[in-house]
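Chemist: My structure is below; once you've seen it, I'll send some questions.
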Amino acid sequence: MQPRLKLSYPCEWPYVIIGRSEMELRAAVREIVQHRTHTVTLSHMSAHGRYISLKVMVVVHNDDDRVGIYHALNDHPATKVVI
């Protein structure tokens, strides 16, 4: 069993999302995080430009909040992988 993270909330939490379209990924972030304080920056683009990753920093308020955002990002059709 993994040890539980001991975080002091609220705090900024990083997510890296990978998909095929920067525009669709940014729209997914806006849809999911809505009014929360967040930043989105380009993280990486694959050599042939087929995949792009964005780093998303979001203020989360508790463990359920942090995990819920992860699952919402992961379940979004624009997102291939969330780290």
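Chemist: At a temperature of 20 °C and a viscosity of 1.002 mPa s, determine how fast the stretch 37-83 diffuses translationally according to Stokes-Einstein, using the Kirkwood radius over alpha-carbon pairs as Rh; express D in µm²/s, rounded to the nearest whole number.
Modeler: The diffusion coefficient I find is 180 µm²/s.
Chemist: How far is helix 22-33 tilted, in degrees, relative to the longest principal axis of the Cα atoms in the chain, given as a value from 0 to 90 rounded to the nearest 10?
Modeler: The helix 22-33 is inclined about 20 degrees to the chain.
Chemist: Still on this structure, please answer the following. Let me see the P(r) profile for the chain: every Cα-Cα distance counted, bins of 10 Å, each bin given as a percent of all pairs.
Modeler: In whole percents, the pair-distance histogram is 18, 51, 24, 7, 0.
Chemist: Suppose all protein chains stay in the model; what accessible area per residue would a 1.4 Å probe give for the chain, in Å²?
Modeler: 68
Chemist: Here's another thing I want to ask about it. Let me check against my output: what whole-number percent is the relative contact order of the chain, with C-alpha pairs under 8 Å and at least 6 apart?
Modeler: 42
Chemist: Leaving ligands, DNA and RNA out of it, report the carbon-plus-sulfur percent of the accessible area of the chain at a 1.4 Å probe.
Modeler: Accessible surface attributable to carbon and sulfur in the chain totals 55 percent.
The values are calculated or read from the model by the stated rules, or taken from the named source; none is laboratory data. Model, not experiment: these values are computed from the prediction. Note: areas computed on protein heavy atoms with side chains; ligands, DNA, RNA excluded. Shrake-Rupley method; radii C 1.70, N 1.55, O 1.52, S 1.80 Å.
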